[in-house]
There are 2 protein chains.
Amino acid sequence: MAQAIPFRQAFPLKASCHQCSLSNLCLPLAIAENDLDRLEDIVQQGRIFSRGEHIFDQSAPFRSCFAVKSGSIKTSIITEGGEEQVTGFFMPGELVGLDSMSSENYACTAKALERTSVCEFPVDKLEELTGKLPDLQHHMFHLMSQEIQNSHQLAMLLSKNTAEERIAALLLSLSSRFQRRRMSPTNFSLPMARNDIANFLGLAVETVSRVFTRFQNQGIIKARGREVELLDVEALQLVTREFSRQSNP
Amino acid sequence: MAQAIPFRQAFPLKASCHQCSLSNLCLPLAIAENDLDRLEDIVQQGRIFSRGEHIFDQSAPFRSCFAVKSGSIKTSIITEGGEEQVTGFFMPGELVGLDSMSSENYACTAKALERTSVCEFPVDKLEELTGKLPDLQHHMFHLMSQEIQNSHQLAMLLSKNTAEERIAALLLSLSSRFQRRRMSPTNFSLPMARNDIANFLGLAVETVSRVFTRFQNQGIIKARGREVELLDVEALQLVTREFSRQSNP
DNA sequence: CGAGGGGTTGAGACTCGTCAAGTGACGTGG
DNA sequence: CCACGTCACTTGACGAGTCTCAACCCCTCG
């Protein structure tokens, strides 16, 4: 990983949405080939953050959205009481900061979970561009409403489901997101700590730990630290009740 | 109320965002006076739904967003297992359907909680218009990101807070939304049933009921059925931990 | 080598869901 | 007019799931 950085920087920073392997997940998805240059004009590519660094901070003036290029990011809200609430994990190809587009300031803090590179989209320029490119505007609406739906799904998970169901759902979500990037959907390493998982899912760390070992004893997964292998995906899906409609009546 | 309907319908349906008392909460907010006509061109105003009627249904083709003019709406998702999850309550001046802008179909079902009138914004025309009016586009981004934030707040409430805290938060949210409309913030009638509250907050109906009576015994609220009076707003805020930062250190 | 963080495991306490019964308001039909 | 069913809501008793507290292990890093 490390040796790639000077290499990338040796190239001109622009003109590389074209070659980016994530362009089918990211903003360029929506854009005709000949408009891609206009998007590239406004993007600042290839900024690198090391593990634990903040991409942006809650209440700082809102300037940009960020697309994850490699690595991963967690976003969280700090409440008035000082508690942290993790609101999401972002993997390569996903866009961070959409929840802040309403306000002058960032609505949450974004932190790199590992060495992470991002592309930066300054909002003023982005909004200007979306006004000119209807497809891009449509795509932005699409992404934002997707974010709302995700959050609703999360709320549902938190309000109705047991610890096992929540964790199964998270594992499956991660699995499908790895798959989108053509990586193994059954064999991956969690970018986040147990603590973050617990916080995100509204559980205690101990509960997360217990469920992991329970799944392991049942032969559904294999887990050593952050290395996870999904042994029985269907069993996981059963746990999330995805299939319960068929056995209900 | 009832006699207003034929009266309104006697007028031409257009040209009334100008007079609408909610225009400072709704989409017109963002728009210069002389552009308002263009918004009005695409709006279908004054559709009425009676209690229990569906404004739109999950999985039906997505056509329009709706602004609540009077009355109130609840949105909910039906899971594969057939359970309902209430995702939001919408009061006059608020926009319903933003979570569906990603897909071909509505992401949830919207149901009138009482006799409710709405204005309809067909999305194709709306998107076309936002492409031409940067302020309107900005406002749409604003509303959508607000919706994301709301949903994150909800997720936080569901994952970290007790039954009392959730209900206090809901009461305060409703209170401030009544106040926005220049109605009493301490004396209002809940548009939704206990059942909906419970579902929305991830609780059992019985728990909601118990908390209501507990608050009543503590002299914080007075509640008879859906009629609610907030007797001690500060106590409610204390319950939600909004102020706990000051007493923490 | 010790310190410290992340993760696991166990025991007890507590919140909340479930089950069950009961109340009051409302509308229907005899 | 009253009996009745229905529906929304309330109240109580009990039990399950999860949190808290505490100890412990393992690994990394200084």
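The values are calculated or read from the model by the stated rules, or taken from the named source; none is laboratory data. Owing to the predicted nature of the structure, the values given are computational and were not obtained by experimental measurement. Cβ sites come from the backbone with ideal geometry, for glycine too, and all protein chains shown count toward neighbours. Keep in mind that these areas ignore ligands, DNA and RNA; they rest on the heavy atoms of the full protein, side chains included. Shrake-Rupley method; radii C 1.70, N 1.55, O 1.52, S 1.80 Å.
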_Give me, ordered by chain and number, the residues 5 or more places off residue B:46 or on other chains with an amide H under 5 Å from its own placed amide H._
B:118, B:119, B:120
*Quickly work out the residue A:181-to-residue A:128 label distance, labels modelled 7 Å from Cα along the C-beta direction, and quote it in nm with one decimal.*
3.2 nm
_Show me you know the interface measure: the accessible area buried between A and B, both chains summed, probe 1.4 Å, in Å² to the nearest 100._
4100 Å²
*Copy-to-copy spacing for residue A:135, label 7 Å out on the Cα-to-C-beta vector, in nm, shortest first?*
3.1
_Could you derive backbone 3J(HN,Hα) for the range A:38-54 from the dihedral phi with the Karplus parameters 6.51, -1.76 and 1.60 (θ = phi - 60°), listing whole Hz in sequence and x where the residue is Gly or Pro?_
5, 5, 5, 4, 9, 8, 9, 9, x, 6, 10, 10, 9, 3, x, 5, 8
*Where the accessible area of the range B:118-193 is counted over protein heavy atoms with a 1.4 Å probe, how much of it, in %, is carbon and sulfur?*
49 percent
*Using modelled amide H (1.01 Å from N, peptide plane; none on Pro or chain starts), what sits under 5 Å from the amide H of residue B:108, excluding residues fewer than 5 places away?*
B:59
*Run down the lysines and flag those whose C-alpha is under 19 Å from the C-alpha of residue A:125, throwing out any fewer than 8 positions away in its chain.*
A:14, B:132
*For residue A:64, list long-range residues whose amide hydrogen, built 1.01 Å from N in the peptide plane, is under 5 Å from its own amide hydrogen.*
A:123
*Where the eigenvalues come from the Cα gyration tensor of the range A:30-140, what are the semi-axes √(5λ) of the equivalent ellipsoid, largest first, in whole Å?*
25, 16, 11
*If one computes the Cα centroid of the range A:32-65 and of the range A:145-196, what distance in Å separates the two points?*
24 Å
*asked:* Ratio of alpha-carbon Rg to the 2.2 N^0.38 Å globular estimate for the range A:161-247, to two decimals, please.
replied: 1.02
*For residue A:36, go 7 angstrom from Cα along the Cα-to-Cβ vector, then report the distances to that same point in the other copies in nm, smallest first.*
4.5
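Rounded to two decimals, what ratio of Rg to Rh does the protein assembly as shown give with C-alpha atoms and a Kirkwood Rh?
0.97
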*Dividing the convex hull volume of the Cα atoms of chain B by its residue count, what figure in Å³ per residue is obtained?*
147 Å³
*Of B:175, B:72, B:209, which is the most mobile in a GNM of chain B whose springs link Cα atoms less than 10 angstrom apart?*
B:209
*Mind checking which of B:210, B:177, B:166 has the largest fluctuation in a GNM of chain B, springs on alpha carbons under 10 Å?*
B:210
*Using just the helices of chain B, give the 222 nm mean residue ellipticity in deg cm²/dmol: DSSP H runs with n ≥ 4 each add -39,500 (n - 2.57), and the total is spread over all residues, rounded to 500.*
-12500 deg cm²/dmol
*Which value, in Å² rounded to 10, gives the accessible area of residue A:80 with a 1.4 Å probe and all protein chains present?*
90 Å²
*May I ask you to report, in nm to one decimal and beginning with the shortest, the distances from residue B:213 to the same position in the other copies, taking label points 7 Å along Cα-to-Cβ?*
4.1
_Shielding of A:133-143 by partner chains, average beta-carbon count, 10 Å_ = 4
*Quick one: Karplus J couplings for the range B:148-162, per residue in order, coefficients 6.51, -1.76, 1.60, θ = phi - 60°, nearest Hz, x for Gly and Pro?*
4, 4, 4, 5, 5, 4, 4, 4, 5, 4, 6, 8, 10, 10, 6
*Rolling a 1.4 angstrom probe over the protein heavy atoms, how many square angstrom per residue are accessible across the protein assembly as shown?*
47 Å²
*Mind checking which lysines have their C-alpha under 22 Å from residue A:160, skipping anything on the same chain fewer than 8 residues away?*
B:74, B:111, B:160
*asked:* Only Cα pairs within less than 10 Å get springs; with that Gaussian network setup on chain A, which residue of A:224, A:194, A:47 has the largest fluctuation?
replied: A:224
*Determine the shielding of peptide B:196-202 by partner chains: average, over its residues, the number of Cβ atoms on other chains within 10 angstrom of each Cβ.*
2
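Determine, from the Cβ-Cβ distance of residue A:195 and residue A:57 and an R0 of 25 Å, the FRET efficiency 1/(1 + (r/R0)^6), rounded to the nearest 0.05.
On the way: r = 20 Å, r/R0 = 0.79.
My answer for the efficiency is 0.80.
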*Along the range B:75-84, what does the Karplus equation 6.51 cos²θ - 1.76 cosθ + 1.60 (θ = phi - 60°) give for ³J(HN,Hα), rounded to whole Hz, x for Gly and Pro?*
10, 8, 10, 9, 7, 4, x, x, 7, 9
*Partner chain coverage, peptide B:96-109 - average Cβ within 10 angstrom*: 4
_Given a 1.4 Å probe, show me the residues in the range A:66-90 buried by at least 30 Å² of accessible surface when comparing the whole protein assembly to the chain alone._
A:77, A:80, A:81, A:83, A:85, A:87
